[in-house]
Each structure stands twice: as structure tokens, then as C-alpha cells.
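In what follows, a structure is listed as C-alpha cells, so that the remarks can point back to it.
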Amino acid sequence: MTMLVKRFCAVASAIIVLSLPTAVRGAEKYFNVGLDTFGDPFLLDTTTMGEKDKKFGSVIKIYQIKNNLFMYEYILRPSCSDARIWAVGHRVYNINSGKKITEEKEDREIPNRGDNPGSTALKYYCQAIKARGW
């Protein structure tokens, strides 16, 4: 099984698990950090937070499934000491084939407001690593 298929299975499982009561779930591998305008969740991968991605460095990743056809992987670089977060890249995968469709690098700061998935992911990450001031 390829890493992408394993990751997709994990994301699909996370969506099912997120619908269960907290007492049944236990520790979460994916944390819901927000919804888009269509109600699709953005899921923070809590198992890889801070790990190095060979193309993007130390990052956190947020996943979203759209139309049961595509899985989006948003790659973010957090800075707990500055309370800032940057979008450094994204990838899109075809769910049916498991193949990467696109991968793009970017470098834009995401406004740190409590109402967006990036800010919520930054807060979760900084608290999880027990960063000073969080």
C-alpha cells in the first residue's frame, strides 16, 4: 500500500471518527480546525506536526476532501514564538487513483485570526508542544 493510499485511508477514517462522541474517540489523529463555506472540514494531522517534509521543511499539514474526488493537503509553517503562520505549499491528490495531481510552493502569511483554519491549527500546535505563552 502506498503512503498516499495509507494517508487517504487515515483521512477518511478521521472523518468517520470525528462524528463519534468524544468518549468513544479517545486521542484524535486528526483535529477539525474549521469548515469551508460548503461545510467540508479542514483536518489537522496531529501525528506529523512539526516533522520535516522533504520539500517544505518543518511543517504542519491540513487535509480536506472535496466532492469525494480530490484530497487537498495544505502545508503550513508555524512560528509559535511570533504567533504567525505561513502557507508554504499545497498538494492535490486524486482520491480514486491516489496520484498527486499538483504540487505548488507558495510563501504567504496567513492572518492569525481565531476564525480561520490556519490560526486554529497554529493554536493547537503551539499548545501541543507547550510553547511559551500558549
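The values are calculated or read from the model by the stated rules, or taken from the named source; none is laboratory data. Every value quoted in this text rests on a predicted model; they were computed, and no experiment measured them. Note that we place each Cβ from the backbone using ideal geometry, even for glycine, and neighbour counts take in every protein chain shown. With ligands, DNA and RNA removed, areas are computed over all heavy atoms of the protein, side chains included. Shrake-Rupley method; radii C 1.70, N 1.55, O 1.52, S 1.80 Å.
Side notes on the structure shown:
- Excluding ligands, DNA and RNA, the accessible surface per residue across the range 76-134 is 62 Å² with a 1.4 Å probe.
- Per atom type, the range 27-77 shows carbon and sulfur on 54% of its accessible surface, probed at 1.4 Å.
- Separation in nanometres of the label points that stand 7 Å from Cα toward Cβ, at Glu51 and Ala131: 2.0
- Computed label-point distance, nm, for sites Ser81 and Thr102 using a 7 Å Cα→Cβ extension: 3.5
- Cut-off 12 Å between beta-carbons: net charge of the residues surrounding Gly133, Lys and Arg +1, Asp and Glu -1: +2
- Here the Karplus curve 6.51 cos²θ - 1.76 cosθ + 1.60, taken at θ = phi - 60°, turns the phi angles of the range 45-53 into couplings of 7, 7, 7, 10, 4, x, 6, 7, 9 Hz, with x standing for Gly and Pro.
- Listed pairs Lys52/Lys105; Lys29/Lys99; Lys105/Lys130; Lys29/Lys123 exceeding 19 Å between Cα atoms: Lys29/Lys99; Lys105/Lys130
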